[in-house]
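One structure is given below, encoded as structure tokens.
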Amino acid sequence: MTSEPNLNPDAGTPGREPRGLTVAQSRLLTLALIGLVTVLSIHVANEWLEGWRVDLSGGDLYSLTDGTHAILDRMQEEGVNPLDVRLYFSETAGKTLPKFVKDFIGYERYLRSLLGEYERAAAGKIRVETIDPLPDSDDADRAAEDGLDGKLINQNGDLFYFGLAFETQTGSRETIEFLWPQEQENIEYEISKKIHGLLWPARQRVGVLSSLEVFGGAQDPFMAQMLAAQGRTPSQKWIIVQVLEDLYDVSQIAPDVDEISSDEVDLLVVVHPKDLPDKTVFAIDQWVAAGGNTLIFLDPYALGDTPPQNPQQPWMALQYQPASNLESLLAAWGLELPANRFAADFELAARRPMSQFGAAESVIIDLQVDSTLHEGLLDEENPMLRGLSNTRFFLSGVLRELGDAGLEADAGGEAAEEEPGESDTGEAGSAEGIELRPLISTTPAGNTLEVLPGFGGGDGLAYTDLNVGAALRDAFAPGEEPLALAYFVRGRLPTAFPDGVDYPDKEAERPPNLPPEIEVPPPDDAQIIHRDPLPEEERGEAAVVVFADVDFIHDQIAFLQNPFGIIQAANDNHKVVLNSIDYLLGSQDLMSVRAKSGISRPFLRFDEIEAQAELDTLDRERQIREEMESFEEELREKQGEITQRNAALFERKLQEEVDELNERILDGNRELRDIRKGRREALEREESMVRFAVIGWMPIVVLLIGLYRARRR
């Protein structure tokens, strides 16, 4: 038998390992190759996908808005020199501080990521530097030179810095002195605003005309000293005016001006035009007729319009009407603002105490218009209202459209027989030539409340009832159509003075404490001046935004002061104002940045339950209060009958009736208390369900899944 040849030369050699790799070596080689391929793949992917970003946060918080991209693109197109941005954050010094300061770290991480997006999108036109200014270092000195506001953190004089410095190649600087976490929502707007202001410093001109002291009571330092010497404190400049001055070239227009020129202002802002002389109303009318864009704030009751103080007659303050209107101009444009009518809406009512120690209740004249909860309340197609979270109206009026007949009669002085859509002045009527669009409205259940000056006590509401939430709710009846709180008007707007205006060349001095509704005749030596309206060839298209609430921009409503004395926005009211101005001026970029969604993510379920519970018990509360009022009235009558002249028997009988009425009143108070208690219990039940869903359900589900898998095994 012959054997087959052995083809393996090493097979029969004792002490020699077979050729090839062992299993362990093969695995190591495979792992090394996989690691090499992974590193190369990451490198290639990084090269190919550089600049790609995926923002999965709600509202694209880590992405730049279109407005910011437009500003950065403009930097590329115009070839501006690179801009240096320095982010100062005292991370090392902050580690020694309590958790309150350490909470700034999350904001700094977000800001560093956002600035990285600026740097990438600017493609070399923005250079970002992050600096940790250690105490007693050159970086700390540089932070101070850049104008940052360092906060003292210990007895050694060490400062905590957290701010931004912007510098151009020519040495121009802008600074955000200190960054508070509460202002994180607006940081992209603030950064883009600083960049825009540094690179294109030319500002548009905004003129502000107001019967209120929105610029402060004593702009002259000498006048301020005079008032201080008299023990009087001059009124402060409104915060909204300070915000405007930060962005525009703002000038004050006197409330008795007789002409407004486009050579001096690009946009007119009218705030609470109360008791303006005819020449000033005519000046506003002609500004609009010439194509001047205008932003107007009217109000049936303005917080900033305080009555004159008369210690001898303090009751006169309640007869004072802090209202403003431009009836003739609104009528010419097709609108009206009914006097003494206040917008009320149970669904939009803010919940807050009406007194210092009172419980929270629905204040139906304090309206919180939240676009996330009430769709259709904002005209979101208009760029002025995009990206808003919350706006607040307080004691607001209501704007309504007039019919064509009313429009022609009010605007032209008398109704004329003309073709439809044409007024007696030749302009197109509101139906064809004028665009009227409500910007902000109440819900369909909103309605108006008539509130008159005085003490009240009768069937209607008076100014003294504005602080009584129950009285306002009892007088309220839900409506069927939304009420407009702001309107947008555009077109070739007709004049309210087709025959011109006559006014004296000088006014007589008004006696002190004279009611504003009483007119003072001009002096005997005054000359009457006649002004004709603009000729047709000088007229143009204008855009006008009208708000029925001056408090919308008042310090008490639109802004608040945090515990550190820093003024910040209380809502998005200031955004609406700035967006409106930018829109009317034709500036879109910063308006787009301002429209970025907020970071707040409210838990709405509790609010819905609380509102529904209050709505369900509203009628019963009203009934109880009416019964209690009748009991109290009857009680006063009975108590008045108990005198020393009554016989003891009758006095005892009356006393029993008085005791019975007191018991009924106590029962009513108990039932009201039980209603409020039921609301709280409903909220507590919902809170328990949510807590159990978060803490209880998920562990139970995981446990059941684990038991099921264990049983299957």
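Which semi-axis lengths, in whole Å and largest first, follow from the square roots of five times the eigenvalues of the Cα gyration tensor of region 88-221?
Values: eigenvalues 172, 95, 50 Å².
Equivalent ellipsoid semi-axes, largest first: 29, 22, 16 Å.
Taking all protein chains together, Tyr708, Tyr583 sort by accessible area into Tyr708, Tyr583, largest first [probe 1.4 Å]. Strictly over 18 Å apart at the Cα level, which of Lys193/Lys575; Lys151/Lys237; Lys151/Lys575; Lys237/Lys279 would you flag in this model? Checking Cα-Cα distances, Lys151/Lys237; Lys151/Lys575; Lys237/Lys279 exceed 18 Å. Other residues with beta-carbon under 12 Å from the beta-carbon of Asp299 carry, at +1 per Lys or Arg and -1 per Asp or Glu, a net charge of -1.
Calculate the FRET efficiency for Asp138 and Ala360 from the Cβ-Cβ distance with a Förster distance of 41 Å, rounded to the nearest 0.05. Let's see the in-between values first.
Numbers: r = 53 Å, r/R0 = 1.29.
With a Förster radius of 41 Å, E is 0.20.
Karplus-derived 3J(HN,Hα) values for region 137-152, using 6.51 cos²θ - 1.76 cosθ + 1.60 with θ = phi - 60°, are 10, 4, 5, 5, 5, 5, 4, 5, 5, 6, x, 6, 9, x, 9, 5 Hz; glycine and proline are entered as x.
Ordering 385-398, 200-213, 183-196, 69-82 by mean Cβ neighbour count within 10 Å, with the highest value first, yields 385-398, 183-196, 200-213, 69-82. For region 455-488, chymotrypsin sites (Phe, Trp or Tyr not before Pro) are listed when DSSP marks them as loop and at most 13 other Cβ atoms sit within 10 Å of their Cβ; the list is Phe455.
The values are calculated or read from the model by the stated rules, or taken from the named source; none is laboratory data. Every value quoted in this text rests on a predicted model; they were computed, and no experiment measured them. A quick note on method: Cβ atoms are made from the backbone with ideal geometry, for glycine too, and the neighbour counts reach across all protein chains shown. To get the accessible areas, we keep the full protein, side chains included, count just its heavy atoms, and leave off ligands, DNA and RNA. Shrake-Rupley method; radii C 1.70, N 1.55, O 1.52, S 1.80 Å.
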